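The values are calculated or read from the model by the stated rules, or taken from the named source; none is laboratory data. Bear in mind that the values here come from a model prediction, so they are computed numbers and not experimental data. When we count neighbours, we look across all protein chains shown, and the Cβ atoms used for this are built from the backbone with ideal geometry, even at glycine. With ligands, DNA and RNA removed, areas are computed over all heavy atoms of the protein, side chains included. Shrake-Rupley method; radii C 1.70, N 1.55, O 1.52, S 1.80 Å.
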Amino acid sequence: MLSILKTLWLILLHTFRRRETVLYPEEKRRIPPRWRGRIILSRSPDGKERCVACYLCSVACPVSCISLQAAEDEYGRRYPEFFRINFSRCIFCGFCEEACPTLAIQLTTDFEMSEYVRMNLVYEKEDLLIDGPGKYPDYDFYRISGLAVKGKGKGEGDEELPPVDVRTLMP
Amino acid sequence: MTVNLSSFIMPLAILLILLIVSAWLIWLERRLLALWQDRYGPNRVGPFGLAQVIADMIKMLTKEDWVPPFADRAVFVISPAITMVTILSAFAIVSFAPGISVASLNIDLLFFISMIALNAYSPVLAGWSSGNRYSLLGALRATAQMVSYEVFMGLSLMGVVALTGSFNILDIVEAQRPLWFCIPQFFGLVVFVIAGIALTHRIPFDLPEAENELVAGYHTEYSGLKFGMFFVGEYLNVILISSLITTFFFGGWLGPVLPPLAWFIIKTFVFICGFILLRASLPRPRYDRLMALGWKIMLPLAILNLVVTGSIILASGY
Amino acid sequence: MNTLFFIAGTMAAVSAGIAIFQRNAIHALLYLIVSFIGLGLVFFLLGAPFAAVLEVIIYAGAIMVLFVFVVMMLNVKGMWYEEKGIFRIGAFIGPALLALVLVIEVFYVLWSTPAGTYPLTMVGPKKVSISLFGPYALAVELASMALLAGLVGAYHLAHRIGSAAGKEEDGHE
């Protein structure tokens with residue numbers, strides 16, 4: 001009997017406690033930078049598209065929500081002709097980001113993407129592509145991979161093969 | 001029998017206000033529960049979330065009103081109405097202030113007990129007619145609980161009647177002018193409050209509708225407006241019991257400075273909040289414990305209270 | 001007032017009749033409850049509010065709930081086939097004759113008192129109590145003893161099922 005009265009009193013004291021609820025739209029919580037939210041396509045510091053249309057993200061995607069078509073520009077550089085992510089299927093697992101060799105596809109901290117119409121959740125390339133380098137401001141794939149480093153030329157590193165001449169048919 | 005306009009308007013106004021207030025109590029309960037659980041509760045629709053009730057009502061009214069094919073249709077439809085009718089007619093005797101009441105009989109208190117007794121049919125018939133085992137279990141529990149606690153409720157009020165010498169609500173309130181009955185009838189108050197909670201079957205005595213055991217107990221199969229009747233009926237019941245605690249033990253509308261109606265509303269409001277506080281803090285007892293509490297503690301306490309009150313009245317000689 | 005009385009009386013009588021002929025046990029009980037409430041109203045209109053309320057509290061409110069409870073637990077749907085024999089015409093002759101005597105009495109009373117002069121005296125709770133514990137004290141005591149015997153008997157029956165003896169029987173079955 002006494003314990004019941006004590007319970008009532010303790011609960012009554014909660015009247016003066018701070019409320020734990022965060023009133024979301026007015027008051028936003030800090031979101032950690034590694035949050036897996038809306039997917040974007042980034043550009044390298046010189047403003048070119050990072051994506052080389054290698055299809056690795058599309059392959060890695062467990063729900064097959066990424067579809068793209070590769071194309072080549074006049075300099076022989078690959079780029080996606082279209083790049084489509086169906087966010088109504090996406091589970092925000094981040095596998096695409098891990099698979100990407102050029103750090104082009106990145107998950108951001110934005111999660112407010114509700115829509116009334118399901119088709120509006122299918123994002124095209126122009127919706128995905130941003131103007132900046134995203135989370136990696138200085139990274140440029142073509143300036144890091146396949147280049148000579150200090151003291152070693154191309155293909156001279158340990159367990160490294162000489163560069164392949166892509167212009168010949170010889171093995 | 002004088003039939004004038006005000007004798008129609010008064011009951012109608014009281015009825016409407018009660019229905020509106022009981023719907024609004026849903027909002028109050030959610031806000032208070034949230035307050036005591038360090039949350040906010042509904043605060044989006046309208047100022048302070050007050051229009052949440054309207055939204056809920058629209059949702060409930062536009063839902064499909066479904067009668068299961070295995071149900072006993074006639075009884076299934078009648079039983080939610082029983083709870084509304086009995087509780088609303090029990091309000092007839094509640095005197096909100098001098099002159100503001102639907103009726104004043106010389107057997108007010110007994111009329112209230114009889115309406116509460118008839119209210120027991122609502123869960124019983126609802127549970128039986130649903131043709132669902134969980135509902136039937138809820139109905140069985142409701143029967144045993146309500147029939148038992150009616151006894152204690154009636155007995156606990158007899159002390160008040162003995163002190164007043166009348167079953168009339170006005171007499172009972174007027175008799176409390178020197179001293180509210182919550183002091184000489186403290187044990188009567190305790191029994192009445194506990195029996196009141198049991199009869200409204202709210203937490204902690206909500207065994208007939210225990211969600212984690214019986215889906216929703218006797219109203220499992222109900223939807224739409226019929227469920228709404230049970231839902232609002234529960235809150236009406238809370239208002240009824242709270243206002244009667246006020247009337248029988250806390251001096252009704254008596255009080256200084258403020259007008260009588262204000263005092264009545266304030267006191268009733270405090271007890272309604274008390275009901276919600278109980279819901280916020282106490283767990284549900286086991287069923288046999290509930291019955292044991294009733295028959296082994298409440299009944300002796302109520303009888304003892306009555307006997308002691310009677311002997312004191314006899315000894316003091318009036 | 002007279003109109004109300006006749007409505008209530010008719011309601012009580014009709015629902016009692018339906019209660020007899022209703023084949024669904026629960027529905028029959030519901031009609032019986034309506035009949036009790038009608039009777040309560042009749043008592044009220046005859047100037048005995050206390051008896052009226054007791055009728056509703058005890059008969060309609062408590063005893064009939066227990067009846068409904070038991071019927072609900074037994075779930076006697078469709079049992080009426082076995083009881084078809086009850087509804088023979090011959091079985092009605094005796095009760096009908098007895099009821100006829102009552103009906104004649106009622107009509108005699110109604111006709112022998114001129115309209116509007118029916119002696120209506122209020123019988124409040126106090127009067128009922130004084131007569132119960134005054135001239136009828138012996139009857140009250142006898143009734144309470146009968147109830148006590150019933151209580152002890154019920155406790156005895158329930159006790160044997162619940163306690164050690166019951167457990168032994170369970171073991172054999």
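Key figures for this structure:
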read-out	value
Residue list for region A:36-83, filter: without any contact (Cβ under 8 Å) to a residue 12 or more places away in the chain and touching a Phe, Trp or Tyr at 6+ places or on another chain (Cβ under 9 Å)	A:K48, A:E72, A:D73
Residue in region B:37-49 that is charged (D, E, K, R), open to solvent by less than 50 Å² (accessible area, probe 1.4 Å), away from every other protein chain (no Cβ under 11 Å) and without any contact (Cβ under 8 Å) to a residue 60 or more places away in the chain present	no
Number of the condition not met by B:A280 [criteria: (1) surrounded by fewer than 19 Cβ atoms within 10 Å (Cβ to Cβ); (2) part of a helix (DSSP H, G or I); (3) in contact (Cβ under 8 Å) with a residue 40 or more places away in the chain]	(1)
Of residues in region A:29-84 being of a type in the set (K, R) and open to solvent by 70 Å² or more (accessible area, probe 1.4 Å), the one farthest from A:A104 (Cα to Cα)	A:R29
Residues within region B:249-286 that are within 22 Å of B:I113 (Cβ to Cβ), of a type outside the set (S, T, Y), under 14 Å from the mean Cα position of the chain (by Cα) and away from chain A (no Cβ under 14 Å), tallied	1
Evaluation of B:N106 against (1) more than 30 Å from B:G255 (Cβ to Cβ); (2) at the interface with chain C (Cβ under 10 Å from one of its Cβ atoms) (one fails), failing number	(1)
Any chance A:T21 is in contact with a Lys or Arg (Cβ under 9 Å, 6 or more places away or on another chain), open to solvent by less than 30 Å² (accessible area, probe 1.4 Å) and in a loop (DSSP other than H, G, I, E, B)	no
Enumeration of residues in region C:40-66 that are more than 13 Å from chain B (Cβ to nearest Cβ) and either without any contact (Cβ under 8 Å) to a residue 60 or more places away in the chain or within 15 Å of the chain's Cα centre (by Cα) (or both)	C:V42
Which listed residue is at negative phi, of a type outside the set (F, W, Y) and out of contact with any Pro (no Cβ under 7 Å at 6 or more places or on another chain), from B:R141, B:R177	B:R177
Single condition B:A81 does not satisfy, out of (1) in a helix (DSSP H, G or I); (2) farther than 30 Å from B:L244 by Cα; (3) in contact (Cβ under 8 Å) with a residue 60 or more places away in the chain	(2)
Meets criteria (within 14 Å of chain A (Cβ to nearest Cβ), in a helix (DSSP H, G or I), at pLDDT 85 or above and surrounded by 15 or more Cβ atoms within 10 Å (Cβ to Cβ)) for B:L25	no
Evaluation of B:S101 against (1) within 12 Å of chain C (Cβ to nearest Cβ); (2) closer than 24 Å to B:I239 by Cβ; (3) open to solvent by 20 Å² or more (accessible area, probe 1.4 Å) (one fails), failing number	(1)
Selection count, region B:79-88, where residues are within 11 Å of another protein chain (Cβ to nearest Cβ) and open to solvent by 30 Å² or more (accessible area, probe 1.4 Å)	1
Among (1) surrounded by fewer than 12 Cβ atoms within 10 Å (Cβ to Cβ); (2) in a loop (DSSP other than H, G, I, E, B); (3) polar (S, T, N, Q) - the single one A:S3 does not satisfy	(2)
Filtered residues of region B:131-168 (kept if more than 17 Å from C:L29 (Cβ to Cβ), hydroxyl-bearing (S, T, Y) and over 15 Å from the mean Cα position of the chain (by Cα))	B:Y134, B:S135, B:S148, B:S156, B:T164, B:S166
Residue match in region A:16-26 (condition: more than 14 Å from chain B (Cβ to nearest Cβ) and without any contact (Cβ under 8 Å) to a residue 40 or more places away in the chain)	no
Residue among B:L140, B:L170, B:L136 that is more than 26 Å from B:P300 (Cβ to Cβ), within 11 Å of chain C (Cβ to nearest Cβ) and of a type in the set (A, V, I, L, M, F, W, C)	B:L136
Subset of region A:47-60 [out of contact with any Lys or Arg (no Cβ under 9 Å at 6 or more places or on another chain) and at pLDDT 85 or above]	A:Y55, A:L56, A:C57, A:S58, A:V59, A:A60
The lone exception for B:F111 - which of (1) open to solvent by less than 30 Å² (accessible area, probe 1.4 Å); (2) under 21 Å from B:G165 (Cα atoms); (3) not in a loop (DSSP other than H, G, I, E, B) it fails	(1)
Scope region B:123-133; condition surrounded by 22 or more Cβ atoms within 10 Å (Cβ to Cβ) and within 11 Å of chain C (Cβ to nearest Cβ); matching residues	B:P123, B:V124, B:L125, B:G127, B:W128, B:S129
Failed item in (1) within 12 Å of another protein chain (Cβ to nearest Cβ); (2) open to solvent by 20 Å² or more (accessible area, probe 1.4 Å); (3) more than 27 Å from B:P259 (Cβ to Cβ), with B:F76 passing the rest	(2)
Hits in region B:240-263 (condition: open to solvent by 10 Å² or more (accessible area, probe 1.4 Å) and either under 22 Å from B:A55 (Cα atoms) or outside any loop (DSSP other than H, G, I, E, B) (or both))	B:P260, B:L261, B:A262, B:W263
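Residue-wise test of (1) open to solvent by less than 70 Å² (accessible area, probe 1.4 Å); (2) modelled with pLDDT of 85 or more; (3) in contact with a His (Cβ under 7 Å, 6 or more places away or on another chain).
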{"site": "C:A8", "(1), (2), (3)": "yes, no, no"}
{"site": "C:V14", "(1), (2), (3)": "no, yes, no"}
{"site": "C:F21", "(1), (2), (3)": "no, no, no"}
{"site": "C:A28", "(1), (2), (3)": "yes, no, no"}
{"site": "C:Y31", "(1), (2), (3)": "no, yes, no"}
{"site": "C:E55", "(1), (2), (3)": "yes, no, no"}
